[in-house]
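Undergrad: Okay, here's the structure, questions in a sec.
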């Protein structure tokens, strides 16, 4: 075998490994760091850009204990799937509301939220603390299991 063929095989193997690692992380729930005591934590709502905070306030639902904030972009195919999944989930789950924000028109909102890809879903409790975040399309069973403790 020639050195070029070995280099090609190595590149394919590395790409395959990276692709598998990326795919395994998609849709996984990442719970916020619990090392900070809950009574010391600040509300994430206070740190949001003014326009986003106003948008969340306008979409307020007094009965919601958890807000699922979906951050999307216009031409994102997984964002459409996430929208359907989260809207359906919020309709069928008492105490949950779904709010979608299109970052295409407000890319400056991505940096303070720590969002690097879309879709990203942030879950906030009713006091504005971040509970967890999901990169990619959430897995329904994992979402249900994680939210159970916050809604019960």
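Nothing in this text is a laboratory measurement; each read-out follows from the coordinates by a stated rule. Because the structure is a prediction, the values reported are computed rather than measured. Here the Cβ is made from the backbone with ideal geometry for all residues, glycine too, and neighbour counts use every protein chain on show.
Undergrad: For residue 47 and residue 91 in the same chain, what is the full-extension length gain: residue separation times 0.36 nm, less their Cα-Cα distance, in nm?
TA: Stretched fully, the residue 47-residue 91 segment lengthens by 13.0 nm.
Undergrad: So how much slack lies between residue 63 and residue 17, counting 0.36 nm per residue of separation and subtracting their Cα-Cα distance, in nm?
TA: Roughly 12.1 nm would be gained on extension.
Undergrad: So, one more: Evaluate the distance, in nm, between pseudo-label points positioned 7 Å from the Cα of residue 54 and of residue 106 along their respective Cα→Cβ axes.
TA: Rounded to a tenth, the inter-label distance reads 0.9 nm.
Undergrad: Which percent, nearest 5, of DSSP beta bridges in the stretch 29-151 are antiparallel?
TA: Close to 65 percent.
Undergrad: If you don't mind, another one. Among 87-95, 5-13, 117-125, what's the highest-first ranking by average C-beta atoms within 10 angstrom per residue?
TA: Order by mean packing, descending: 117-125, 87-95, 5-13.
Undergrad: Let me ask something else about it. Rank the residues 14, 29 as a footprinting-exposure proxy: fewest other Cβ atoms within 10 Å of their Cβ go first.
TA: Ascending Cβ contact count within 10 Å gives the list 14, 29.
Undergrad: Need one number: nm distance between label points at residue 126 and residue 5, each 7 Å from Cα along Cα→Cβ, rounded to one decimal.
TA: Once both label points are built, they end up 6.8 nm from each other.
Undergrad: Translational diffusion coefficient, Stokes-Einstein: compute it for the stretch 50-92 using the Kirkwood radius over C-alpha pairs as Rh, at 20 °C and 1.002 mPa s, and state it as an integer in µm² s⁻¹.
TA: Stokes-Einstein gives a translational diffusion coefficient of 182 µm²/s.
Undergrad: Calculate the translational D of the stretch 29-151 in whole µm² s⁻¹ from Stokes-Einstein, where the hydrodynamic radius comes from the Kirkwood formula applied to all Cα pairs, the temperature is 37 °C and the viscosity 0.692 mPa s.
TA: 225 µm²/s
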